């Protein structure tokens, strides 16, 4: 597994291309596929994946703010986005997209949101970076990179106005 000193972990565009190829192969021949991005970084990735895979009419977005198991502790995130799923979820294969997979709690919350819209046939998970540290039994089907960070550090995805992605390591106490 790469460590944070490996430069590949910083090249979000290269990681996206790796993720795209994995997803393209994984969804090949899958009927009724749809892509749902978790706000906000997962939504950015989902938009690009949908465009690159020709699935723009099967693209949705979810905000897990009200579904998190730590909602009472953390309160409402100041930048809540609307959930938008405008296709039939029942019997669909959903590619759930997140930017960074760590504990699995955000993914668990996202699955709860999806089931409010119907019962998918299958949910697959794509993440730009899987950084380990799981607290729940959640695994990415597709990941641009699998890495380990020391305690006190996290990965943050950002996007320029032109859509260029950047992945940086941040100190949690900064």
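The values are calculated or read from the model by the stated rules, or taken from the named source; none is laboratory data. Predicted model only: the values in this text are computed from it and were never measured. In this analysis, Cβ positions are derived from the backbone assuming ideal geometry, glycine residues included, and neighbour counts consider all displayed protein chains.
Here are the numbers:
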{"read-out": "Residue within segment 2-18 that is under 18 Å from residue 92 (Cβ atoms) and modelled with pLDDT of 95 or more present", "value": "no"}
{"read-out": "Flag for residue 64 being at negative phi, in contact with a strand residue (DSSP E or B) (Cβ under 8 Å, 6 or more places away or on another chain), at pLDDT below 95 and surrounded by 21 or more Cβ atoms within 10 Å (Cβ to Cβ)", "value": "yes"}
{"read-out": "Test: residue in segment 88-101 that is surrounded by fewer than 18 Cβ atoms within 10 Å (Cβ to Cβ) and at pLDDT below 95", "value": "no"}
{"read-out": "In segment 119-140, residue nearest to the chain's Cα centre (by Cα) [restricted to those that are under 20 Å from residue 61 (Cβ atoms) and loosely packed, with under 15 Cβ neighbours inside 10 Å]", "value": "122"}
{"read-out": "Filter result (free of Cβ contacts under 8 Å to residues at least 40 places away in the same chain and under 15 Å from residue 129 (Cα atoms)) within segment 82-106", "value": "103, 104"}
{"read-out": "Residue check, residue 50 at pLDDT 95 or above, touching a helix residue (DSSP H, G or I) at 6+ places or on another chain (Cβ under 6 Å) and surrounded by 15 or more Cβ atoms within 10 Å (Cβ to Cβ)", "value": "yes"}
